[in-house]
């Protein structure tokens, strides 16, 4: 497919695109072009290169750091903006591409790494009989002709941002080198071969000593997986063995994404490498194991919790990434509604009593408790936590890990630490009668106890406590308040756009509104991995134990619906109502509200 664009790739071309789009003025265009020309001539004559930070036209325009007109977040004109403009001007498609969307083996076989790097060009895949080729500007006809001759198919250029292209090329070729090297090492009987299966008899069994977990290719591959997860702010990595391959998935903003299908032959070596650095027994494959790794990446540190368990075709490993920046947050920023923040701070300012956070696994309960404890942990108080396991080491807390084998349980250890003169106690989970009873005793003897409980909303936690064996009069006299919590994905600020939800659409979805709603959504961009979301927000339901609520519980009414109705009469905002407030404020989408919260 022939492709030609008049003119040439130059600073003048890019500046004229900005001018036509109204992003810079005529005088600014002439001045910047003149500055570039003068500096370029000076460099060619042997002048100071520092006078021209970037000789490439695209790099030069980006280096000017021109403000993007109309951008509320102070965004500058970058290579993504320029890629959009070049695509519109040339009539080419603009794409944002992730590594997982490409056939890495095909791409790396088609073009050598040196060619891809030198020309910043990358085959993206064949659609029909046409090979789509990623380029950074429309003036690539000679390079496209070379790719067409090598691939022996018709080529169609598509515009990618320069940043996207460089990242893809770097990741793909590095990843492919490690996978090929490791596969070559372990294929043909030089590695472990097929592993013990829980469902089938194994085909080949070798000693653990034959697993070369210190092989450089395996080290590089594991490091690349860690680095990609860390850079993308993934919360966990799942390594899932299948019959003939290893599936790698990562969770971004609470949603799992398939990332890679690696050759099954290297599965054992990867698991052994992870076990080695997390101090687990690499020879033990028939029982679950838990460990920890501390990693440093780009001057940042994080802890990784490792869990392995035998499944159908080998060992599955889940690596949970605990980022200190994400687990210790400013409490005020967690609450969208200032009234909810004030209620929560009132809870935690009490000298004694029980405060509970409810919600399912992964709803941010631990982050809320850790952030609250860090605010409360002054030199004047003794803070002790009981966790299973310890999520994040913090030097201001005295942290105890639950170890049932040696008698350290949630319930039992509370009695012990009361002799340690604590002021504040955090219990990882209120899970049984013993824990509940000892937490009550701690609260009655002048200690502040914070804990979590698994219920769908805040009022249901009262019912759950009674089911655990707490007397209603103890619930009403010791519990200060309960907060239910969920996490909704935040609209990406880099690609946020407006749309109108009609009154009929809102009614069809079950929302009563007067007139149309002006809402926001994320188009998808490189920053958010084309999902339209970047980060998450808490939607909360804060239930203070008012005198009226305590009376209702004392009278023997622990019905969650009755408690909820009374709390709403007293001003409690439910999880769904709080999420809708976030949606109306342009923070999240209607899809997230419906996905995360239940109707009231």
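None of the figures in this text is laboratory data; all of them are computed from the coordinates on show. Here the structure is a predicted model, which is why all the values come from computation and not from measurement. Note that each Cβ is placed from the backbone with ideal geometry, even for glycine, and that neighbours are counted across all protein chains shown.
In table form, for the structure just shown:
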{"item": "Separation in nanometres of the label points that stand 7 Å from Cα toward Cβ, at residue 444 and residue 559", "result": "2.9 nm"}
{"item": "Computed Rg/Rh of the stretch 11-164, alpha carbon atoms with Kirkwood Rh", "result": "1.02"}
{"item": "Angle in degrees between helix 560-569 and the longest Cα principal axis of the chain, rounded to the nearest 10", "result": "80 degrees"}
{"item": "Span per principal axis, largest first, for the Cα atoms of the stretch 363-431 (Å)", "result": "32, 31, 19"}
{"item": "Rg [Å, one decimal], Dmax [Å, integer] - the stretch 218-314, C-alpha atoms", "result": "13.0, 39"}
{"item": "Whole-percent pair-distance distribution, where bins are 20 Å wide, for the alpha carbons of the chain", "result": "16, 40, 33, 10, 0"}
{"item": "Extension gain from residue 418 to residue 600, taking 0.36 nm per residue of separation minus the Cα-Cα distance", "result": "61.5 nm"}
{"item": "Estimated 222 nm signal from helices in the chain, with DSSP H stretches of n ≥ 4 weighted -39500 (n - 2.57), rounded to 500", "result": "-11500 deg cm²/dmol"}
{"item": "Between 0 and 90°, nearest 10: helix 216-231 axis offset from the chain longest Cα axis", "result": "70 degrees"}
{"item": "Efficiency of FRET between residue 118 and residue 163 - r from beta-carbon atoms, R0 25 angstrom, step 0.05", "result": "0.90"}
{"item": "Cβ crowding within 10 Å averaged over residues, with 313-325, 104-116, 395-407 ranked highest first", "result": "313-325, 104-116, 395-407"}
{"item": "Percentage relative contact order, the chain, counting C-alpha pairs under 8 Å, at least six apart", "result": "8 percent"}
{"item": "Rounded to 10°, Cα long-axis angle of helix 11-20 versus longest principal axis of the chain", "result": "60 degrees"}
{"item": "Residue 279/residue 223 FRET efficiency (R0 25 Å; Cβ-Cβ; nearest 0.05)", "result": "0.90"}
{"item": "Residue 76 versus residue 499: modelled label distance in nm, points set 7 Å from Cα along the beta carbon direction", "result": "3.2 nm"}
